[in-house]
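Notes for the one structure printed next.
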Amino acid sequence: MSSNPRRAGIPAQPMDTTTVCEALKRALLTRDAELAGSLYADDVELVIVNRNFPPSQPFIRRGQAAALELWRDLCAKEMTHSVTATVVGDTSFAIRESCIYAEGGRVVAHVIAELRNGRIARQFSVDCWDE
């Protein structure tokens, strides 16, 4: 499948920060990896910090294809997602996400996304989960 930005009503031209934030929330809540992948710049950098990837050795992926792969993996998991808070600025936004796995385990993530030309150019996430 392609990460065509025109999919699901996402315009091909640059979007404002609120539009991108709302689209990412919609992708998360509906587990739509293709929609999420379409929101990233071709040269996006994704950085994740958690117990397995501490600040000194974060998980880093680059490129829209890598973003789409991460979203496909996330959306394939049997879990329920909710967005419990958002903050939107001129060129960036933050989302607090809570997830519950089918067996009851919980995950919380804070995501900060920075936009360039209406697409996510850098995303930094911190997450933690039940063990």
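For the range 113-130, the criterion of being small (Gly, Ala, Ser), surrounded by fewer than 13 Cβ atoms within 10 Å (Cβ to Cβ) and within 18 Å of ARG51 (Cα to Cα) is met by none of the residues. Flag: LEU29 matches the condition of being open to solvent by 20 Å² or more (accessible area, probe 1.4 Å), in contact with a His (Cβ under 7 Å, 6 or more places away or on another chain) and not in a strand (DSSP E or B). Tell me, please, whether a residue that is surrounded by 14 or more Cβ atoms within 10 Å (Cβ to Cβ), within 12 Å of the chain's Cα centre (by Cα) and more than 18 Å from MET15 (Cα to Cα) can be found in the range 99-108. Within the range 99-108 (the criterion being surrounded by 14 or more Cβ atoms within 10 Å (Cβ to Cβ), within 12 Å of the chain's Cα centre (by Cα) and more than 18 Å from MET15 (Cα to Cα)), the answer is no, since none of the residues qualifies.
The values are calculated or read from the model by the stated rules, or taken from the named source; none is laboratory data. Because the structure is a prediction, the values reported are computed rather than measured. Because the Cβ atoms are built from the backbone with ideal geometry, glycine has one as well, and the counts that use them run over all protein chains shown. To get the accessible areas, we keep the full protein, side chains included, count just its heavy atoms, and leave off ligands, DNA and RNA. Shrake-Rupley method; radii C 1.70, N 1.55, O 1.52, S 1.80 Å.
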